Amino acid sequence: MAVEPIPRFSFSFSDLAVPETSLRVLESSSVPVPGGAERVRPLPRPRWLPRLLPVFAATEPLLLEVRGAAAPPFAARLVAGLSAIYASAGAEAAVSVVAWAGGLAVGAHGVESVPEAPHAVLVAAALERCSVEAATELVRSGPEEGTWVVLDGDVPGADAALGIDRLGRRVGSERLARLPLLEPADVRALSRGGEPAMARRATGLRHLDLAMRLVRAYLERQP
């Protein structure tokens, strides 16, 4: 019987903790949470998902903008998947997550407002030439720093044919993420009202890796 290989990760959300002496209270311009935003209810935390510490500044929650015009269904799944990861991992530390059609925010003890500009812009793309071309235009219009590309599928051999290699050079390899295509078990979870990004350990760890990379990038921008 064939056994699906499971990637090994050696990290923990606890690695994201920063010394208290490095934190300073600064004035931060903020705006109301976007209309249509809803609080994300945490799901039962599976064993592979570590706890998320409350590392977010009280006046500046992590703000992620998701641009999905190049792959609307995948962009919606991306928002839902990352929201579920953050909410479930941070539930025991009173981490709050709110999400809307074009993004999400992660903060401590409730999210009442968000920064004027996102900490990261995630451009969603499918493994199709037209989707990659549309994603390229979205990347061009995004901020030079802080724009990421998230692919619906992990097939590096198709990069040259689809133009993903050029897109990757534009944003940098550290801001190019590849999430796995949905497997039958993920689809079954969706049909039961579950979250595909957390249905299986193999799928969940890939979403977790992206979630952690985004938090690290957020912390690096904090004074």
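Values for this structure:
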quantity	calculated
The one condition in (1) surrounded by fewer than 18 Cβ atoms within 10 Å (Cβ to Cβ); (2) under 19 Å from ALA84 (Cα atoms); (3) among the aliphatic types (A, V, I, L, M) that ALA160 fails to fulfil	(2)
Selection count, region 70-119, where residues are closer than 18 Å to GLN222 by Cβ and of a type in the set (Asp, Glu)	1
Given (1) closer than 20 Å to ALA76 by Cβ; (2) crowded, with 17+ Cβ neighbours inside 10 Å, index of the condition PRO115 fails	(1)
Any hit, region 190-200, residues being surrounded by 17 or more Cβ atoms within 10 Å (Cβ to Cβ), out of contact with any His (no Cβ under 8 Å at 6 or more places or on another chain), in contact (Cβ under 8 Å) with a residue 12 or more places away in the chain and within 15 Å of ALA71 (Cα to Cα)	no
Test: residue in region 206-215 that is surrounded by fewer than 20 Cβ atoms within 10 Å (Cβ to Cβ) and free of Cβ contacts under 8 Å to residues at least 60 places away in the same chain	yes
Output for region 188-212, where each listed residue is more than 24 Å from ARG51 (Cβ to Cβ) and in contact with a helix residue (DSSP H, G or I) (Cβ under 7 Å, 6 or more places away or on another chain)	LEU190
Residue match in region 86-108 (condition: of a type in the set (Val, Ile, Thr) and in contact with a His (Cβ under 7 Å, 6 or more places away or on another chain))	no
Conditions (1) under 17 Å from the mean Cα position of the chain (by Cα); (2) on the phi > 0 side of the Ramachandran plot; number of the one not met by ALA84	(2)
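So that you can scan it fast, the table gives a plain yes or no per residue for (1) within 26 Å of ILE164 (Cβ to Cβ); (2) in contact with an Asp or Glu (Cβ under 6 Å, 6 or more places away or on another chain); (3) outside any strand (DSSP E or B); (4) at pLDDT below 90:
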residue: ARG24; (1), (2), (3), (4): no, no, yes, yes
residue: LEU49; (1), (2), (3), (4): no, no, yes, no
residue: ALA75; (1), (2), (3), (4): yes, no, yes, no
residue: LEU78; (1), (2), (3), (4): yes, no, yes, no
residue: ALA91; (1), (2), (3), (4): no, no, yes, no
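The values are calculated or read from the model by the stated rules, or taken from the named source; none is laboratory data. These numbers come from a predicted model, not from an experiment. Virtual Cβ from ideal backbone geometry, glycine too; neighbours counted across all protein chains shown.
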